[in-house]
2 protein chains.
Amino acid sequence: MNRICKLFDIEKPIIQAGMIWCSPWQLASAVSNKGGLGIIGSGSMYPEVLEEHVVKCKQATDKPFAVNIPLLYPNIEEHVNTIIKHKVPVVFTSAGSPKKLTPILKDAGIKVVHVVSSTVFAQKSEAAGVDAVVAEGFEAGGHNGRDETTTMCLIPNVVKAVDIPVIAAGGIGSGRGMLAAMALGADAVQVGSRFAASVESSAHENFKNKIVESREGDTILTLKELAPVRLIKNSFYESVKNAYARCANVDELKEILGRARAKKGMFEGDLEEGELEIGQVSSQINEVKSAGEIFDDFVKEYHEARTELLSESANF
Amino acid sequence: MNRICKLFDIEKPIIQAGMIWCSPWQLASAVSNKGGLGIIGSGSMYPEVLEEHVVKCKQATDKPFAVNIPLLYPNIEEHVNTIIKHKVPVVFTSAGSPKKLTPILKDAGIKVVHVVSSTVFAQKSEAAGVDAVVAEGFEAGGHNGRDETTTMCLIPNVVKAVDIPVIAAGGIGSGRGMLAAMALGADAVQVGSRFAASVESSAHENFKNKIVESREGDTILTLKELAPVRLIKNSFYESVKNAYARCANVDELKEILGRARAKKGMFEGDLEEGELEIGQVSSQINEVKSAGEIFDDFVKEYHEARTELLSESANF
């Protein structure tokens, strides 16, 4: 049996990423109800908002689901209390060291997964006691690693270096991408961008339409001096680019970034002055669909591509 | 039958990249003799040197082989004359527009393949009449595209956009990587870095050992203002990085780059002041092996990974 399906008690090794401004209970429960693992993205939620989403998610599905916690989040203790109180079965942590939180969550009977962008951090996460890692490539949307290692290069390295299950992320927008990740040795896939442009995503309609319209080359990994982030090039990005052109220092970059830009772009729909975090794979997304349809498309295409690969014509 | 095997009349859809300073007749003929397609890298050869390599390659193998021509090469006419005179069956072109040269080569009965890093250029290449394209991701070594699109994201886009066969390149250092590329819809793979560290490669021993030693995160895509190139971070790269930090202009960057840095690093073995062009996948290369062994490893691992993917445990 697939190690991730066994670990989370799910049917299909497809995990919907917990993305800020995009991953409410409606999305998480829809994915879990299809037999995958849905994740509530708590990084953009106040403590009381997270609690509401957890409660509603439990009402909407009997299946396991997870909450993602960026470890830099200021109200992290309140989030953790909510998660333990409501017996959320799985937590994905990201953006920080999993050392402190992992034992606390594990003691409460919660499965813990940490998101990494390098093999060294995958090994450190395993040593910290996590149950699995997400290995996320350079092509992924939102915050990302400094080494720029792509999914094709990262996954085989991580699979070789750790014994715990590995979930591939970055560049996976279809069943073919999923099959490629499994070929590289991953146990499961985490899918962000494709679900950001779902009906159930809490992203602003403008942002969803922008994802659908975006073409190859429209995203870039930038602001490496602060926290590297992949976003769609727009007016805000032009300001950043101009700042780089005049050799702006970190303080100037921080000032340009300001506060709440991701909310402005992704939640309020300001496509020019907001920060539009999305992966390179957005070029493959051509329609806003329900999470259920997206899930079915993934499974169908995975099977079709697998059948092709198993045919005599791929037997060299 | 596999479209690339049919097009080139080869047995296995594995192509060894024509790399400057690394791809002599010894390497190309060894790969062709295994049933793949070997390529002589003419970009670092004077016209008389290329002719010698073509003649020796024909003596060393009865099988099809190719020559790679970077289209910015100054002595391109002499190279083309040599290729036509000696009836080289396949030419790979790169770094420029294939419009002018493609009809000339096709008229001489030569198959033409062009290397691209974006879907738009793949479509332009198809319109120019090439027989196939190599779609090369951000993780690839040496000169690369400006959009930074990774192999995971690029291959499905190109496969969807053109009718001609697509050869995947970038991040493919093993049979698992090959299987992943085929899962994404590629007809074949082009492998560079792994063969740069082969016994038959003409790279300096120091450079081969450096590839073996290099770890994840040791390469970077830089010099985007001149021609983007992926290389191993060393003293030369530190100079480039410092120049960026002080907002150096293009002329200063050109001066720092100077001339013949790739030769100095890759062929003369100066690991600090030379330019060491290699892909991210170098982190997976742990031993210098003969081209034949590398080829056999690829085929063996491809089969093992394919068998895993065929098993019931991968049937979701």
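The values are calculated or read from the model by the stated rules, or taken from the named source; none is laboratory data. Everything numeric here is computed off the predicted structure, so don't read it as measured data. Here Cβ is always computed from backbone atoms with ideal geometry, including for glycine, and neighbour counts include all displayed protein chains.
Checking region B:47-58 against the condition returns no match, with no residue being outside any helix (DSSP H, G or I) and either in contact with a Gly (Cβ under 7 Å, 6 or more places away or on another chain) or at pLDDT 95 or above (or both). B:ILE155 fulfils the conditions (1) surrounded by fewer than 23 Cβ atoms within 10 Å (Cβ to Cβ); (2) under 24 Å from A:ILE278 (Cβ atoms) except for a single criterion, (1). Assess whether A:VAL130 counts as being aliphatic (A, V, I, L, M), under 17 Å from the mean Cα position of the chain (by Cα) and closer than 29 Å to A:LEU50 by Cβ. Spelling it out, it is not the case that A:VAL130 is aliphatic (A, V, I, L, M), under 17 Å from the mean Cα position of the chain (by Cα) and closer than 29 Å to A:LEU50 by Cβ.
Among the conditions (1) within 14 Å of another protein chain (Cβ to nearest Cβ); (2) more than 18 Å from the chain's Cα centre (by Cα); (3) under 17 Å from A:ILE110 (Cβ atoms), the only one that A:GLU51 does not satisfy is (1).
If you filter region A:179-211 down to residues that are touching a residue at least 40 places away in the same chain (Cβ under 8 Å), assigned to a loop (DSSP other than H, G, I, E, B) and not acidic (Asp, Glu), you find that the one that is nearest to the other protein chains (Cβ to nearest Cβ) is A:ALA186.
Can you confirm whether A:ILE220 is surrounded by 16 or more Cβ atoms within 10 Å (Cβ to Cβ) and in the same structural domain as A:SER174 (by TED's automatic domain parsing)? So A:ILE220 fails the test. Please go through region B:156-207 and give me each residue that is at positive phi and in contact with a Cys (Cβ under 7 Å, 6 or more places away or on another chain), ordered by number. B:GLY171, the sole residue that qualifies. Condition (residue is in contact with a Lys or Arg (Cβ under 6 Å, 6 or more places away or on another chain), within 24 Å of B:GLU200 (Cα to Cα) and crowded, with 16+ Cβ neighbours inside 10 Å) applied to region B:42-53: is it met by at least one residue? No, because not a single residue in region B:42-53 is in contact with a Lys or Arg (Cβ under 6 Å, 6 or more places away or on another chain), within 24 Å of B:GLU200 (Cα to Cα) and crowded, with 16+ Cβ neighbours inside 10 Å.
Taking the criterion of being assigned to a helix (DSSP H, G or I), away from chain A (no Cβ under 14 Å) and not aromatic (Phe, Trp, Tyr), the residues of region B:212-248 that qualify are B:VAL212, B:GLU213, B:SER235, B:GLU238, B:SER239, B:VAL240. Taking the numbered list (1) in a strand (DSSP E or B); (2) touching a residue at least 60 places away in the same chain (Cβ under 8 Å); (3) of a type in the set (Val, Ile, Thr) in turn, A:ILE4 passes all entries but (1).
Here the condition is being farther than 21 Å from A:GLN190 by Cα and within 21 Å of the chain's Cα centre (by Cα); of A:PRO64, A:PRO74, A:PRO70, it holds for A:PRO74 alone. Scan region B:146-161 residue by residue and report those that are at the interface with chain A (Cβ under 8 Å from one of its Cβ atoms) and in a helix (DSSP H, G or I). Result: B:THR151, B:MET152, B:CYS153, B:LEU154, B:PRO156, B:ASN157. Which residues, counting only those in region A:283-316, are of a type in the set (Ser, Thr, Tyr) and either without any contact (Cβ under 8 Å) to a residue 40 or more places away in the chain or surrounded by fewer than 18 Cβ atoms within 10 Å (Cβ to Cβ) (or both)? Passing the criteria: A:SER290, A:THR307, A:SER311, A:SER313. Taken residue by residue, region B:162-173 has at least one member that is of a type in the set (A, V, I, L, M, F, W, C), facing chain A (nearest Cβ under 8 Å), in contact (Cβ under 8 Å) with a residue 40 or more places away in the chain and within 23 Å of B:GLN284 (Cβ to Cβ). For region B:17-54, which positions are of a type in the set (Val, Ile, Thr) and touching a strand residue (DSSP E or B) at 6+ places or on another chain (Cβ under 7 Å)? Hits for region B:17-54 are B:ILE20, B:VAL31, B:ILE39, B:ILE40, B:VAL54.
Can you find even one residue in region B:215-226 that is within 29 Å of B:TRP25 (Cβ to Cβ) and within 25 Å of the chain's Cα centre (by Cα)? The answer is yes; a qualifying residue exists. Among the residues of region A:281-302, is any in contact with a Phe, Trp or Tyr (Cβ under 8 Å, 6 or more places away or on another chain) and within 11 Å of another protein chain (Cβ to nearest Cβ)? The answer is yes; a qualifying residue exists. When the helices (runs of 4 or more DSSP H) confined to region A:61-138 are screened for residues that are within 14 Å of chain B (Cβ to nearest Cβ) and in contact with a helix residue (DSSP H, G or I) (Cβ under 6 Å, 6 or more places away or on another chain), those reaching at least 2 such residues are found at A:119-127.
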